[in-house]
1. Please work out how much length the chain gains when fully extended from residue 57 to residue 7, using 0.36 nm per residue of separation minus the C-alpha to C-alpha distance, in nm with one decimal.
2. Using each residue's phi in region 48-60, evaluate 6.51 cos²θ - 1.76 cosθ + 1.60 at θ = phi - 60° and report the 3J(HN,Hα) Karplus result to the nearest Hz, with x for Gly and Pro.
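A short reminder: the numbers here are calculations on the coordinates, not readings from a lab. Just so it is clear, the model here is predicted, and its values are computed rather than measured.
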Amino acid sequence: MKNLLKTTVLLIVFSLSILNSFAQCPMCKASVESSQSSGSKSIGMGLNVGILMLLASVYVIMAIVGFFWYRNFKNNRFVEN
């Protein structure tokens, strides 16, 4: 019962935190559209690079955690034998 309550509370908290992130999309879109109409493409390219950096950082962190988890699992397996 406690696990169900914790899961429900976490789901509600995460659902409410998503609402704030949707507000940024129109601002970015308006910024890129206004820069393209004036002939400058540097803001759009910078925005794309920023998105790729955020994407890559998550995968790098996941790879590092996975590597240490695998190494720890491997070391513990040899100690038990």
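1. On the way: separation 50, 0.36 × 50 = 18.00 nm, distance 2.69 nm.
Full-extension gain reported as 15.3 nm.
2. 5, 5, x, 5, 5, 5, 5, 5, 5, 4, 5, 5, 5
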